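A short worksheet on the structure shown next.
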Amino acid sequence: MYIAENEKQVNTNEIPAENLFATLLAEYEPVVPHKGQFLAGEIVQIEDNMILANVDAKRTAVVPPQDLARLDEADLEALEVGDEVTLYVLHTPIGDEDLLVSLNRGLELRDWENAGDYMADEEVVELEVIGHNKGGLLVAFGHLRGFVPTSHVPSLRRLQNRRELASLKEDMVGEELPLKVIEVDPQRRRLILSATKAQTEVKAQRLLELKLKEHEAIKGTVTNLVKFGAFVDLDGVEGLIHLSELAWTHVRQPADVLAAGDEVEVLIQAVDLEQERISLSRKALLPSPWDSFMARYEIGELIEGTVTNVTDFGAFVSLADGIEGLIHVSEMHGGRDLEPKDLLSRGDQVLVRILRLEPERERIGLSQRQVSQWEETEWIFQQQQEAEAEAVAA
């Protein structure tokens, strides 16, 4: 910041006698302020439509009505005669023209300096969201308008749907956000902030305060659903339930199980303080279908199921809710001579024999080849009878 100093200190002992008068006269000639300069001033008069301020012993500056109109009512009411203020020269005066200055730009200068301090100190500041645009959120930083890109707002960054994104931005107007200043450029009037960086710090502190323990059950609220799982608020910090940990049954999308706003009880699987990640499981607190399955079936027994997926190495078969087994290609009818996709399709009903039970790894080995022709014929006959009975009942 450049503040003009108009009073010159003259050492008359060092000036030749013939130049002394000219030098002393020049001392009292006013230095003309130039446009874009910041001046230190003192308020000497406050009117409804203007403010007068002394900027040196010889000149009074005028804050015009247009500039006063840009100030908040609270700022205007706080001003008093005698206040020291910073003023911005609106244009270079010619002759006896008034020195027009902007008090608003002077207050902005203070805010730019404050923003620079926040960035240098990496401090978190809470600011109100006052609007939004295509690229992100607008926040009020004193007399400045700051910008928070969508990529720096965790709750916005996860959304892909444009309508949902615009709706959430609108809902955030009026909210206070913890932010960190990441760019300050007064010349380009760029003030960029990040909620992500601020929340990272807040989250780290909150994690330490909560003292979350692994393998402990905790209740939370679902905040957002994404393709790979559900985010849950745990009293100020967010954890993730991965898609595979939502339920024992196969879940295609989180919305099939949960919705934003749902209260849910979860098990804390892992807490990574360095990465600030909390891994959660809903499935772990639900009754395991493996317990009832292991009590009912043994190796060597026949069981029927439905093909859920066909891969290059075999076919997965649903045997009960949350229980799937694998028919390896070597155990399929036709063996290794044919591709699995040529033998079975998703949705096919099959009769298989249990070859292996590994509940600790949640794996079951199945075989079609080890089902005798007589067993399969009898099963097909039963299937036909059941279908006929259902048709008659309908």
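Per-structure values
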{"quantity": "Mean ellipticity per residue at 222 nm, deg cm²/dmol - from DSSP H runs of n ≥ 4 across the chain, formula -39500 (n - 2.57)", "calculated": "-8000 deg cm²/dmol"}
{"quantity": "Fraction of antiparallel bridges per DSSP, the chain only, in percent to nearest 5", "calculated": "90"}
{"quantity": "Segment 352-394: Rg to Rh, with Rh as the Kirkwood radius over Cα pairs", "calculated": "1.22"}
{"quantity": "Lys/Arg +1, Asp/Glu -1 at C-beta; segment 99-150 dipole; positive extreme among LEU109, GLY135, VAL125", "calculated": "GLY135"}
{"quantity": "Cβ-defined net charge surrounding VAL44, 12 Å radius [Lys, Arg +1; Asp, Glu -1]", "calculated": "-4"}
{"quantity": "Longest segment of the chain lacking trypsin sites (Lys or Arg not before Pro) that sit in a DSSP loop with at most 16 other Cβ atoms within 10 Å", "calculated": "253-345"}
{"quantity": "Segment 149-194: GluC sites (Glu not before Pro) in DSSP coil with no more than 14 other Cβ atoms inside 10 Å", "calculated": "GLU175"}
{"quantity": "Alpha-carbon centroids, segment 125-204 and segment 78-92: separation in whole Å", "calculated": "31"}
{"quantity": "Charge dipole magnitude, Cβ of K and R +1, D and E -1 - segment 122-199, Cα centre, debye nearest 20", "calculated": "480"}
{"quantity": "FRET E, pair MET294, GLU126, Förster distance 41 Å, beta-carbon r, rounded to 0.05", "calculated": "0.15"}
{"quantity": "Binned Cα-Cα distance frequencies in the chain - 20 Å width, integer %", "calculated": "19, 30, 23, 14, 10, 3, 0"}
{"quantity": "Cα coordinate range in segment 295-389, projected on the principal axes (Å, largest first)", "calculated": "38, 36, 22"}
{"quantity": "Length released on extending from LEU285 to GLU386, taking residue separation times 0.36 nm less the Cα-Cα span", "calculated": "32.7 nm"}
{"quantity": "Lysine pairs with alpha-carbon atoms under 20 Å apart, the chain, spacing 8 or more or separate chains", "calculated": "14"}
{"quantity": "R0 of 41 Å, Cβ-Cβ distance GLU216-SER151: FRET efficiency to nearest 0.05", "calculated": "0.80"}
{"quantity": "At q = 0.23 Å⁻¹, base-10 log of I(q)/I(0) for segment 122-199 (Debye sum, equal scatterers on each alpha carbon)", "calculated": "-1.05"}
{"quantity": "Segment 349-360 - phi-based ³J(HN,Hα) in whole Hz, Karplus 6.51/-1.76/1.60, Gly and Pro as x", "calculated": "8, 9, 10, 9, 10, 6, 9, 9, 10, 10, x, 5"}
{"quantity": "For a label point 7 Å along the Cα-to-beta-carbon line of PHE313, residues of segment 322-341 with backbone N under 11 Å", "calculated": "328-329"}
{"quantity": "Extreme residue, positive dipole direction of the chain, given options PHE147, GLY174, GLY314 (C-beta unit charges)", "calculated": "GLY314"}
{"quantity": "Residue exposure sequence - HIS34, HIS333 - by fewest surrounding Cβ within 10 Å", "calculated": "HIS34, HIS333"}
{"quantity": "In sequence order, calculated HN-Hα J values of segment 122-132 (Karplus, 6.51, -1.76, 1.60; Hz; x Gly/Pro)", "calculated": "6, 7, 8, 10, 9, 10, 8, 6, 10, x, 7"}
{"quantity": "Test item: Cα-centred dipole of segment 129-254, Lys/Arg +1 and Asp/Glu -1 on Cβ, debye", "calculated": "560"}
{"quantity": "Computed E for ALA78/ASP262 - FRET, C-beta separation, R0 30 angstrom, nearest 0.05", "calculated": "0.05"}
{"quantity": "Cα centre as origin, Lys/Arg/Asp/Glu Cβ charges: segment 212-285 dipole, Debye", "calculated": "340"}
{"quantity": "Model label zone, ASP98; criterion: amide N under 16 Å from point 7 Å along Cα-to-beta-carbon; scope segment 45-59", "calculated": "45-55, 59"}
{"quantity": "Simple label model, 7 Å out from Cα along Cβ direction - ALA255 to GLU301, nm", "calculated": "3.9"}
{"quantity": "Interchain or long-range residues, amide H under 5 Å from ALA61's placed H", "calculated": "ALA53, ASN54, VAL55"}
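Taken together, the values in this text are just the output of simple stated rules run on the coordinates, not laboratory data. Keep in mind it's a predicted model, so treat the numbers as computed, not measured. Heads up, the Cβs are rebuilt from the backbone with ideal geometry, glycines too, and the neighbour counts pull from every protein chain shown.
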